[in-house]
Structure formats: structure tokens, C-alpha cells
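What follows is a set of notes on a single structure, which appears directly below.
Please treat every number below as a calculation from the coordinates, not as lab data. Quick caveat, the model's predicted, so the values are computed rather than measured. Every residue, glycine among them, receives a Cβ derived from its backbone with ideal geometry; neighbour counts consider all protein chains shown.
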Amino acid sequence: MTDLPRTLTRARIATSVAFALQGFLLATILTQLPKFRDLLELSDSLVVVAVVIVSVIAGLGSVLAEVIAVRTSSKTTLRAGLAVIAIFGGAIGIAPNQIAFFVFLAIYGIGLGMVDAAANMQAVSIQHAKGRFILSSFHASWSVGAIVGALFVSAASELDLSVRTIQLCAGILVGLLLLAFGPQFLNRSETKSVDAGTSGKIDLTVPMRVFILLGVAMALFYAVDFSVGNWSTMFLEDDLLADTSTAALSVAAYQIAALVARLTGDYWVSKFGEITVVRIGSLIGVAGMAVVVTSQSPVVAIIGFTIVGIGVPVIAPICFSAAGRMAAPGQVDAVIARINLFNYVGTVVGGGIVGAVAAVSDLRVGFLIPLVFCGILIALAPVFAVKQLTAEVPEKA
């Protein structure tokens, strides 16, 4: 008989590594975009297109993840997705021209969406088997991976390694860790608590109003997150006249605060419940964005972004947790894949709308949008009271 506690522990470690690898490789690509721009003679507009391509095509990857997962398993889907990002994330580094760069980036984007959806499928399944909220710790692993990825690029650049070598090495590293940890992902057969799976297309039986509202909450969080990640540095440089090194601290401060929030998120949810954590986290986000939009110095703005990071990053894992709870047996993977699509809606909104407002006004006005989004998240908090659905999936006539 399978030693379930030991199996779950191994699966939890392996899935945490998967989250970290996703964050690591994405960070190496994004931090090196300026170098790829110079190497391949890309215009600034093409760099923006590259970022949008990843977000949009990742949505297609999430759809593909559902198709694969319901026919096989989230374990198979996650291993396949990690293989795609390892191969094509590394291949970006050896792209000989602009066309190859965008082709490799697009295929990487498909893999990114697959990993994003499948890693959360695994995390929700492990949480169901554990019987307590642990999703925040998985997302903390993503933050750790992103920080390590940025530091990896920085250290490798100090050693005078080329952008091609750095990116190729990053892809190889992800591939090697996939080989080491991939077999330890959770199989459906190892616990009755894990999604049983079905074959073919699934007609979801979730309460659609709640599902949509959870999706909106997911999109709003990622819009706030993407706004900070994409525009905070520019806000400090253009509006507050900070130098480049100081401006970069805005993203670093936000990510470090997000890591702290996610590392402690499991505790806060177990102590106060999901609704209270969402309300307080969103309220902290409102306060932080208010500091940002009223700031008159780089230091105050950085403090504001730090406050935002302390509050809102716990919302994403709580969204996945609530979505997984309301899924009927056999539908968990499909529900997670579909709720994950709102992730990419949020990234496009956060990058596009804030940027568009800034283009006709300035980023101080643009950051009013994520402030409002945090306020809406407070109002959406009761949606997270969704109960565990235990009814069987009805058979088709």
C-alpha cells in the first residue's frame, strides 16, 4: 500500500519546485528583454509585443492543459509543460533572428500556460488530500524562483556571460530539475482525495455566478500585480525623477513583500479564514496604492508598493483554493484550468489599460486603476465563502 503521508510530502516538494522553476525561467526572460532587444535589433514596440504575446498565448496553454489533464492527469500535463518551457525557454537564447525569437517565445508561452494551470491543479489536489489550506506556500515558491532567476541573471552578467549563454543555461537547469522532481508529482491513483478525472470534454457543474466572480477577483489581482511589475519603475523614473538603480527597488520591494505575504498566507487563512484575509489584504492594497498615487518622492512610492505587496498577493492562491472547493469530483482539473484563464485577462488589463491611461495623462493617474481594483476586491470577499462540493458529476443523457 502507498505510504500516503510520504507520497504527499514528496509531491508537495516537487510541485513547489515546479512553481519555482516557472518563476525562475520567466524572470530570466523578462530581465534580459533589453539585452535581446539590442542583440536582435528589436524596437521598443516589438518588446511590448513580446510581453503581450507571452500573456495571450499562455491563455491558450491553459486551455491545452485542461484538454490534456482531463484525458491523462495533471502530473502528465505539468511534466509536459515544464519540458516545453525548458526547451523553448532555453532556445530563446540561441534564436538566430527576430522570427525565430518570436516563434520560440510563442511556444514557450504555450508551455507557460500549461505549467501555470497544471501546477495549480497539483497544488489543489495536494491541498484536498492534506485537508487544510496550503496553497499560499506554493505561490511563495514561485516568488522565490523569480527572485533567484533575477539574481542568476545578475550574477551571470557579472561573469561576462552572454545573454545567449545565460538563457540557454537557464533552460538546461529547468530541464535537469524536471528530470529529478517530475516523477514525484502526484498521481490520481495515490489518494481518493485527488481529482478522479474523466475522458473527453467536461461540462462544468459549478455555480456559474460564483465561478465568474472568482474569475473577476483573479483578474483584478493579476491586473494589480502586473501594473506594479510593469509600470512602477517607469513611474519612479518619469514622474518622480529617480535614477535607474533607485527605480528598480520598487519591483524588488514589492516582490519581497509578496514573498513574505505568501509565506505567511497559509497561517493567516487558517487563523482568520479566507474572507477576512481577502478583505484585509485588499484594504492594505488600497492603502498602498493610495500612498503611491499621492507620493512626492521615490522613497514614499517604494514604501507604497511594499505595502501593496504585503496585502494583495495572497488573493491568487485563495482564488484557486475556492475554485477547487466548488468543483465536483472529476472536475477539479478542468475548473482550475478555466479559472486560470482570468489570470491572463488581468495581465493584459494591467499592462494595457494602465499604459493607455498613462499615455494620455501620466502614471500617477494610471495607478488609480489598480487602487480601484483593490477596492472592488474588498466587495468581492464574500464570494470566497464557497463550500466544498461533494456531489457526483451527473452522467450525460
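When region 202-391 is described by a simple charge dipole with +1 on each Lys and Arg Cβ and -1 on each Asp and Glu Cβ, the residue from VAL348, ALA316, THR233 located farthest towards its positive end is ALA316. Remark: ASP239, ASP116, ASP3 ranked as ASP3, ASP239, ASP116, counting other beta-carbon atoms within 10 Å and listing the fewest first. Positive contributions from Lys and Arg (+1) and negative ones from Asp and Glu (-1), summed over other residues with Cβ under 13 Å from the Cβ of ILE315, come out at 0. The magnitude of the dipole of the chain, with charges of +1 and -1 set on the Cβ of Lys/Arg and Asp/Glu and taken from the Cα centre, is near 1320 debye. Stretched out straight at 0.36 nm per residue, the stretch from LEU4 to TYR267 would grow longer than its current Cα-Cα span by 92.3 nm.
Ordered by the number of other Cβ atoms lying within 10 Å of each residue's own Cβ, fewest first, MET234, MET208, MET218, MET326 fall into the sequence MET208, MET234, MET326, MET218. Of all the options ALA316, ALA385, ALA247, the one that moves most in a Gaussian network model of the chain with Cα springs shorter than 10 angstrom is ALA385. Comparing mean-square fluctuations of ALA156, ALA14, ALA328 from a GNM of the chain with C-alpha springs under 10 Å, the top value falls on ALA156.
Within the shell of other residues whose beta carbon sits under 15 angstrom from the beta carbon of GLN32, the net charge comes to 0, with Lys and Arg scored +1 and Asp and Glu -1. Using modelled amide H (1.01 Å from N, peptide plane; none on Pro or chain starts), what sits under 5 Å from the amide H of GLY273, excluding residues fewer than 5 places away? Amide H neighbours of GLY273: none.
Considering region 202-391 at the alpha-carbon level, its Rg and Dmax are found to be 17.0, 58 Å. Taking other C-beta atoms within 10 Å as the exposure proxy, GLU158, GLU274 rank GLU158, GLU274 from fewest upward. Within the listed set VAL348, VAL144, VAL210, the Gaussian network model of the chain (springs between alpha-carbon atoms below 10 Å) gives the highest mean-square fluctuation for VAL210.
The calculated 222 nm mean residue ellipticity attributable to helices in the chain amounts to -26500 deg cm²/dmol, summing -39500 (n - 2.57) over DSSP H runs of n ≥ 4 and dividing by all residues.
For region 1-201, a simple Cβ point-charge model (Lys and Arg +1, Asp and Glu -1, everything else neutral) yields a dipole of about 820 debye relative to the Cα centre. Neighbours of PHE235, meaning other residues whose beta-carbon lies under 12 angstrom from its beta-carbon, give a summed charge of -3 when Lys and Arg score +1 and Asp and Glu score -1.
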